[in-house]
1. Suppose we keep just the DSSP beta bridges with both residues in chain A; what percent of those would be antiparallel, to 5?
2. With a 1.4 Å probe and all protein chains kept in place, how much accessible area does A:Lys587 have, in Å² rounded to the nearest 10?
3. Modelled label-to-label distance, A:Thr516 and A:Ala661, 7 Å Cα→beta-carbon offset: nm?
4. Taking the mean number of other Cβ atoms within 10 Å as a proxy for protection, how do you rank A:295-305, A:355-365 from highest to lowest?
5. Ignoring ligands, DNA and RNA, what percent of the accessible area of chain A is carbon or sulfur (1.4 Å)?
6. Once a ≥ b ≥ c are taken as the square roots of the eigenvalues of the Cα gyration tensor of region A:216-263, is the result rounded (a/c under 1.5), prolate (a/b larger than b/c) or oblate (a/b not larger than b/c)?
7. Using r as the Cβ-Cβ distance of A:Gln452 and A:Cys248, and R0 as 56 Å, what FRET efficiency do you calculate, to the nearest 0.05?
8. Using the Cα centre of region A:445-566 as the reference point, and only Cβ charges (+1 on K/R, -1 on D/E), how large is the resulting charge dipole? Debye, rounded to the nearest 20.
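The values are calculated or read from the model by the stated rules, or taken from the named source; none is laboratory data. Predicted model only: the values in this text are computed from it and were never measured. Here the Cβ positions follow ideal geometry from the backbone for every residue, glycine too, while neighbour counts run over all protein chains shown. Ligands, DNA and RNA are stripped out before the accessible areas are found, and what is left, the full protein with its side chains, is counted by its heavy atoms. Shrake-Rupley method; radii C 1.70, N 1.55, O 1.52, S 1.80 Å.
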Amino acid sequence: MEHEDTAGKLYHIRYPYADGSGHVVVATTRPETMLGDTAVAVHPDDERYSHLKTIGIKLPLTDRTIPVVYDHHVEREFGTGALKVTPSHDRNDYEIGLRHNLERLKVMDDSGIMNDAASPYAGLDRFACRKQIVADLEAQGFLEKIEEYAHAVGQCYRCKTVVEPTTSLQWFVSVKPLAAQAVAAVRDGRTAIHPKTWYNTFYAWMDNIRDWCISRQIWWGHQIPAWTCDACSHFMVEEHAPGSCEKCGSAKLTQETDVLDTWFSSALWPFSTLGWPDDTKELKLFYPTSVLITSFDILFFWVARMMMMGIHIMGEVPFKDVYLHALVRDKHGKKMSKSTGNVIDPLVVMAEYGTDALRFTLTAFAAQGREIKLAEERIEGYRHFINKIWNAARFALMHIKECDPAISKDIDPAALPLAHRWILHRLNQAITETRQALDDYRFNDAASTIYQFVWNEFCDWYLEWIKSDLYGDNATAKAQSQAVLLAVLENVLKLLHPITPFVTEEIWHVLPGERTSIMVEAFPTPNPAWDDGEAAELAALFMGIVGGIRNIRSEAMIHPSAEIEVLIVCHDETKHAGLTSLAGSLKTLTRTGTMAVQKEGTRPKGAASYLYTDIEIFVPLAGLVDVDKEQAKLKKDQDKTEAELARCQGKLANEKFMANAPEEIKAKEREKVAEMEAKLEKIKAGMARLAELR
RNA sequence: GGGCGAAUAGCUCAGCUGGGAGAGCAUCGGCCUUACAAGCCGAGGGUCACAGGUUCGAUCCCUGUUUCGCCCACCA
């Protein structure tokens, strides 16, 4: 059942006092239910109606006289402050009826047809009856007015038929004691919920739980094991059909035709699927299980109930961890449903973008709190990523296809050039971060870690960096590159395999050597021998310099294929040495013909520049340099640096900061100040030099 | 009405216990450079909804406001 706001009508009806001395006006959206009215309710403190206690109301269109009851549920301000009470066809009225011991009069049957109690309207459909009632009320002068009225109408979630509340006999489970057990299990950590934002919701639901109606009037389900004696109407609930009534001994018993609520049956799933109630091997092995993964929208319906049943029947929680993933919605944020027709069919998406792309997308979206708006553009983006892996593998295979697969096994990083030491170091970090993310159920972080490593580091930097070795004729350099390339690729494939099984399996089999499925490979573990902080530091410097040179090229509109000349001025001894050793790589990655790395030097005439920390990069442009543009660039850099410097100095000058901030933060600020000051000096010198050249 | 959650770049979203704001897509400029134009290189873009408070310091913690979403209850 779902509620939908509907434009309806509010009928105001005059109910005459039984002594004919006046009338009260009541309002209803369903006038046909008046036939089932067994009272009129008013607020106990409402003096307008205090005199009606002994008089009563004459119910229009009938010959019945109904009492006036006094109940706090009635709002004095709504309408006339008088409420017609139909205990059999309204939930609140039912409650009022209980409080005042009112008669319950059902006036329509389960098909929505008015019954004999509604005579003379018996046999009419409820809506036809409504028309007739309104016409009759009008004709007899009982209708005060009709208003347009928007209200929520309960209707069937599938066929949209308006649902009428009515009373019926149903089976209930007193669920509070079970809920308390489940709450205790979560509170003391026997079951953990991820992400933890759901704890609040879980507790809120469980603490306010109401008795659970478990009977359903449908065909498909577990039949309720209850029998009624035909002779004395005695109820029996038994595991097996009883032979005779335990009360009167009659053998004529009828089993309850209602079936159990789906969630009742589903709540048994953790053990009923393992052979319970027999004490099976499977039950011993798999109960309790480690983790349950499901969507948050059934945390209450399913998860909580499995816990209640599991604790009650098995004496132990059914699972240790619950991972709640988001719910996929359409791109407008609407819940997908078959009846609405806004379902994105995974098969169609997979056919268009690839299964791995869809899997990667869903993994990358896993962090979102409650809903995933599945936009196809995102899937498309990740298809590009799958494609990128494929192409990177193709490139690698060009160079390692004929290699001995053992080359990736015993790599001694100490003997390797920077590129390899750096990528192995980064691979280690990627492995560590990915494992941690998976352990913490942060699947999106795992996906993003691998994505960034593969695309931004492995492809964009490492492959470009080692190309010259792979294509060159230095046998040692080539062999080293092949070995590390294979090692990194193997690890990348294994890291990716749980998310993108198809492309990784495919590539795995074309790698050199005899290989069984990647599925049986162990998930990568970090290799401590690959950790190399120094390499990471030097690589960062290297990349910064490459970035600087590329920036100059781009801003000066130098054609990518044109060779340039570069002068790097770096007076730090260590950095100077590092850059000198990397000059070859710097040249390849920036299309530089001649490169000089000096400890001292100034801007050559007509050179464009870039400042990376306090290292100056100059590229002579054969007089083509735009001095104004260069000045503007330096000015912008200066403003930014000065602002940042002022901020840091402000902090360090603040006594309270110095008194309260942790030492490492203070050290960091001091470091920044030194860095900024050095940079500013360079900028000022650069601007002065530029002015001379004008 | 009660509860929960969200508000960060044009869009879709990350940002773990407070310490110099990130990604993808989109945009702008340049490139078919022998893995990949589904690509490469470079660049621009955000008073982290608003107002207070706590703190040396707030996107992050607290209070209030606004807008949106979900759940529960209900609307005679």
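1. Within chain A, antiparallel bridges account for around 70 percent of the total.
2. Accessible area, nearest 10 Å²: 70 Å².
3. It works out to 5.7 nm between the two label points.
4. Result, highest mean first: A:355-365, A:295-305.
5. So the carbon and sulfur contribution to the accessible surface is 53 percent.
6. Note, shape of region A:216-263 comes out prolate.
7. Working from the Cβ atoms, E equals 0.15.
8. Value, rounded to 20: 200 debye.
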